[in-house]
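Q: Provided herewith is a single structure, encoded as structure tokens, for subsequent inquiry.
The values are calculated or read from the model by the stated rules, or taken from the named source; none is laboratory data. If you're wondering where the values come from, they're calculated on a predicted model, not measured in any experiment. Virtual Cβ from ideal backbone geometry, glycine too; neighbours counted across all protein chains shown. For the accessible areas, the whole protein counts, side chains as well, though only heavy atoms, and no ligand, DNA or RNA atoms are used. Shrake-Rupley method; radii C 1.70, N 1.55, O 1.52, S 1.80 Å.
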Amino acid sequence: MAKISSKVIAVLKNILIFAPANKKGVIAQLVEQRTENPCVPGSIPGGTTFRKRYRNVAQLVAHYVRDVGVGRSSRLIPTIKRVAFCFSVSYLLCFKTPTYYIMKNRSFIFTAVAASLLCVSCTKPQTTLSENERPFNPPIMGWSSWNAFLVDISEDIIKHQADLMVEKGLKDAGYQYINVDDGYFGKRDENGVMQANEKRFPNGMKPVADHIHSLGMKAGLYTDAGTRTCGSLWNKDSIGIGAGIYGHEPQDAQLYFGDWGFDFIKIDYCGGEALGLDEKERYTSIRNSIDKVNKNVSINICRWAYPGTWAKDAATSWRISGDINAHWNSLKYVVGKNLYLSAYAGNGHYNDMDMMVIGFRNNSRVGGNGLTPTEEEAHFGLWCIMSSPLLIGCDLEKMPDSSLELLKNKELIALNQDPLGLQAYVAQHKNEGYVLVKDIEQKRGNVRAVALYNPSDTVCRFSVPFSSLEFGGNVKVRDLVRHSDLGSFSGIFEQTLPAHSAMFLRMEGEARLEPTLYEAEWAYLPLFNDLGKNAKGIQYAYDKEASGKMKVGFLGGKPENYAEWREVYSENGGRYNMTIHYSHGQGRQIEVDVNGIITKISSLGEDDNHSQISIPVELKAGYNTIRIGNSYDWAPDIDCFTLTKTL
């Protein structure tokens, strides 16, 4: 039996973040051997096949360090990461196993380390990494029971669906969670302890979690922030009365995550809404109770609207819309709710667009007759590029082969699982079409993911200047659904899409341009939520005359009610002319805060028409933070601002 040292395991985990997909399995297996067999630390089977794979991983370490440090892949990982990575891999030379194989490649390793160190001193200094530039846990991927079965679930159903995840290759594609939704509850005993439903889960819930774990996956559960579940209110499932976590937080947390061993929980709000409870207070309290049992539990807030910026402290993800059904108009509604929420995704926290409705053919329990193959492609690609959790919702036994193939599309999944953890934002909205874009692999690198989205009922022609995507020179374009390179383009990219469709592209430009336009709908609004409780709460609003047909309204009135752009980028820093486009300026003022330097503007015109005003600002090299608001009165509605470098 060979031994793997803890430091080698740490290196393998590091490689696992960046390794090619076809190498991740064996690396993960090595790490799993180390972490799941503490009595035999770092042991691996001595079989010839596995030893050969182990040797190949050792060679992968050496070759990957070479590529990361000095090869063509080096631009994919920021310099700071490259140096740290090479230092960590150099530790491998201190150990006998698998030193033999790595020493064969020692020249690569030493060259990589030296070259990476030289890169720090001889290349152009990189911008300080922002929070969103470090790798974070990606959105969860898995299967959930609600869309296919509603409350009509059982131990056999859940175990069978878990088995099918493995048999159909979905686990290997990255889907790791099996989530038991509403319907497993029995009753609380005299001490208030929840019991599993005796008919549906006669052996209790722990064997279900154990079976899922035995397959190498994670187990998810359901509750409500109030006293009643949604199934008890809308599906007449009376066992959900009193099943909510309200009033039972410590004991339910211990039962679900300590005794039963579940890893994830979806927390609904039907019972909470019925009692008029406060969302922030309830979810924060539940988070604190769960943390006392297991801080690694992933929590999903199911409040059917973006709940507010506090959600990131209570949950890994949060629903942003009402429930989806298997019909295009429903999908269009859900996507529309998330188009302008990119500022709130990141740092390992995500806007949840609900369980997917891919794979339904006239058998949806949640409404609708299913999507066409073209609509399913748009559905899956949008969930991927917008970094929503990917939870399959159909009965895997009945899923068409075309849907299965789509759900295993590695190139689309890579957009969702990208280590930057970013959500695509709307870069262009003309006619009925939307162009969404986000950085992948490296912040402000030359590679970006782009979606052309046509939600309308007619064909839509797209004409996208590469400058609007911050690309200069020739741009290589790849179709991620068809796995096809489309060629190299310059100046503009044009495409016509049929109704109810989308196209997902990987673009690599010769140069990355400094941005000059910042839309209001890209801004982070610290007081924003979509709960609809405040008629004068700050909001993203439609405006047909605005540059992207959107603006921010109800801005100002208090110091903390501002719009913030956290990553205003300048290549070299210096003086710029900042032009603010706004409407409803009569009698209002603007406070512009650039890296802490505040400029107050009071002369905004005598009407409410669209207008603009310019001020000089000083930017530092790299990322800058700009805020617009008005501390003690309303600010005008903001359309966008532009930046022009002055001589």
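Q: Could you provide, to the nearest whole Å², the per residue accessible area of segment 231-321 with probe 1.4 Å?
A: That works out to 39 Å² per residue.
Q: If I compute solvent accessible area with a 1.4 Å probe over the protein chains, what percent of it on segment 198-306 is carbon and sulfur?
A: Reported share for carbon and sulfur atoms: 49 percent.
Q: Can you compute 3J(HN,Hα) from phi for each residue in segment 301-312, using the Karplus curve 6.51 cos²θ - 1.76 cosθ + 1.60 with θ = phi - 60°, rounded to whole Hz and x for Gly and Pro?
A: Karplus values, whole Hz, x for Gly and Pro: 8, 10, 10, 6, 6, 4, x, x, 5, 5, 4, 5.
Q: Ratio of alpha-carbon Rg to the 2.2 N^0.38 Å globular estimate for segment 500-560, to two decimals, please.
A: Relative to the 2.2 N^0.38 Å estimate, segment 500-560 comes out at 1.55.
Q: Please express the shape of segment 349-477 as an equivalent ellipsoid: the semi-axes are the square roots of 5 times the eigenvalues of the C-alpha gyration tensor, given largest first in whole angstrom.
A: 28, 18, 12
Q: Here's another thing I want to ask about it. Please compute the modelled spin-label separation between K292 and H483, points set 7 Å along Cα→Cβ, answer in nm with one decimal.
A: The two pseudo-label positions are separated by 5.1 nm.
Q: So, taking all protein chains as they sit and a 1.4 Å probe, how much accessible area belongs to V151, in Å² rounded to tens?
A: Counting only protein heavy atoms, V151 exposes about 10 Å² to solvent.
Q: Let me ask another. With θ set to phi - 60° and the Karplus curve 6.51 cos²θ - 1.76 cosθ + 1.60, what are the ³J(HN,Hα) couplings of segment 355-366 in order, to the nearest whole Hz, using x for Gly and Pro?
A: Along segment 355-366, the couplings run 4, 6, 10, 6, x, 8, 9, 6, 9, 7, 7, 9 Hz.
Q: Between T309 and N369, with labels modelled 7 Å along Cα→Cβ, what's the label distance in nm to one decimal, could you check?
A: Modelled inter-label distance: 4.6 nm.
Q: Now for a different question. Considering only the other residues whose Cβ falls under 10 Å of the Cβ of S402, what net charge follows from Lys and Arg at +1 and Asp and Glu at -1?
A: That sum, taken over residues with Cβ under 10 Å, equals -4.
Q: Got a number for carbon plus sulfur as a percent of segment 373-446's accessible area, 1.4 Å probe?
A: 45
Q: Something else about it: Report the local net charge at M194: Lys and Arg +1, Asp and Glu -1, summed over other residues whose C-beta lies under 14 Å from its C-beta.
A: Surrounding charge for M194 is -3.
Q: To continue, here is another question. Roughly how large, in nm² to one decimal, is the mean projection of the convex hull of the alpha-carbon atoms in segment 251-297?
A: Result: 3.3 nm².
Q: When the solvent-accessible surface of protein heavy atoms is calculated with a 1.4 angstrom probe, in what order do Y542, Y269 fall, highest first?
A: Y542, Y269
Q: Taking the alpha-carbon distance from K645 and a cut-off under 19 Å, which aspartates and glutamates remain once sequence neighbours fewer than 8 residues away in the same chain are dropped?
A: Cross-link targets: E470, E514, E519, E567, E571, D593, E618.
Q: Local charge sum around S463 (other residues, Cβ-Cβ under 9 Å, Lys/Arg +1, Asp/Glu -1)?
A: Summing Lys/Arg as +1 and Asp/Glu as -1 gives +1.
Q: Among 339-351, 217-229, what's the highest-first ranking by average C-beta atoms within 10 angstrom per residue?
A: Descending mean neighbour count gives 217-229, 339-351.
Q: Then there's this: Using a 1.4 Å probe and counting only protein heavy atoms, arrange E564, E411 so the residue with the most accessible area comes first.
A: Descending order: E411, E564.
Q: Moving on to the next point. For segment 161-266, what is the charge dipole size about the Cα centre, in debye to the nearest 20, if Lys and Arg each add +1 at the Cβ and Asp and Glu each add -1 at the Cβ?
A: That gives segment 161-266 a dipole magnitude of about 220 debye.
Q: Got a number for the accessible area of L404? Probe 1.4 Å, square angstrom, nearest 10.
A: Counting only protein heavy atoms, the figure is 30 Å².
Q: While we're looking at this one, here's another question. Of the accessible area of segment 482-641, with the probe set at 1.4 angstrom, what percent is carbon plus sulfur?
A: 45
Q: Percent relative contact order of segment 417-570, based on C-alpha pairs within less than 8 angstrom and at least six residues apart?
A: 19
Q: Between the alpha-carbon centers of segment 379-430 and segment 229-289, tell me the distance in whole angstrom.
A: 28
Q: Quickly rank 478-486, 206-214, 239-247 as a protection proxy: mean count of other C-beta atoms within 10 Å, highest first.
A: Answer by packing, highest mean first, reads 239-247, 206-214, 478-486.
Q: Right, next: In Å, what Rg and Dmax follow from the Cα atoms of segment 404-525?
A: 14.1, 42
Q: Follow-up. Can you run phi through the Karplus equation (6.51, -1.76, 1.60; θ = phi - 60°) for segment 601-616 and list ³J(HN,Hα) in whole Hz, with x for Gly and Pro?
A: With coefficients 6.51, -1.76 and 1.60, one gets 10, 10, 9, 10, x, 10, 8, 9, 6, 5, 8, 8, 8, 10, 9, x Hz.
Q: Could you give the size of the charge dipole of segment 241-398 about its Cα centre, using +1 on the Cβ of each K and R and -1 on the Cβ of each D and E, expressed in debye and rounded to the nearest 20?
A: Dipole of segment 241-398, to the nearest 20 debye: 220 debye.
Q: Still on this structure, I have one more. Would you mind getting me the FRET efficiency between N609 and L531? Use the beta-carbon distance for r and R0 = 30 Å, nearest 0.05.
A: Efficiency, from the Cβ-Cβ distance: 0.45.
Q: Follow-up question, since we're still on this one. Taking a 1.4 Å probe, which of S611, S488 shows the most accessible area, and what order do the others take after it?
A: Most to least solvent-accessible, the answer reads S488, S611.
Q: What percent does the relative contact order of segment 340-435 come to when contacts are Cα pairs within less than 8 Å and at least six residues apart?
A: 35
Q: Here's another thing I want to ask about it. So who's got an amide H within less than 5 Å of the one on A424, skipping anything under 5 residues away but keeping other chains? H placed 1.01 Å off N, in plane.
A: Those lying under 5 Å, H to H, from A424 are M386, S387.
Q: Further question on the same structure: Compute the relative contact order of segment 555-637 as a whole-number percentage, counting only Cα pairs closer than 8 Å that sit 6 or more residues apart in sequence.
A: 52
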